[in-house]
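Read the figures in this text as sums done on the coordinates, not as results from a lab. For clarity, every value in this text was computed on a predicted model and none was experimentally measured. Neighbour counts run over all protein chains shown; Cβ positions are idealised from the backbone, glycine included.
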Amino acid sequence: MLRTVLREEHVECATVELGDGAITLRGVLCGGRRIEPGALFVVSRRGPHGKNFTVPVEVLGRHAFRAHVPVRRVVDHRLERWEDWDWWLQPDPHDRRKVRVCHLLEDFPDVKGAYAYPSLPLTGDGISDLAVIHPARPVWVRPYCSASGAMAMNVVDR
């Protein structure tokens, strides 16, 4: 099998780690631009009630970065019992164009099945003004790679 990808610009996800209420990832910007000081990692809720949260990234070189993403804000601002939040990089703080975080440069025909990440449980310790039902039980946050190779996370009240 030969897998070919034609994409002008994307962020290749190198590592994903979960712990202490946060997701830490490393990535490499593939394409013509470089990561500027002040670059932002963006998580965006899918659907009709879109919402973005940003965190500054640690620039590790012209094209590499690390982001430490506390997921408490995502959990507290959820509107549904199941939500998907997509991952993006804004390489230049003065340019609003975002670049999708993906797993594309792999030898797996099914990238989604090749990368299985653990879930991170968070219990609601405060009252949310937005969530319909703030959980007494854990809300599970799980990073995943879609069939197209794009990185995202589920926020699920089970």
Which FRET efficiency, nearest 0.05, do L79 and E17 yield, Cβ-Cβ r, R0 30 Å? 0.65
Everything considered on the Cα gyration tensor (a ≥ b ≥ c; rounded for a/c under 1.5, else prolate if a/b is larger than b/c, else oblate), the stretch 1-98 must be described as prolate
Simple Cβ-charge dipole of the stretch 35-89, Lys/Arg +1 and Asp/Glu -1, about Cα centre, in debye nearest 20: 100
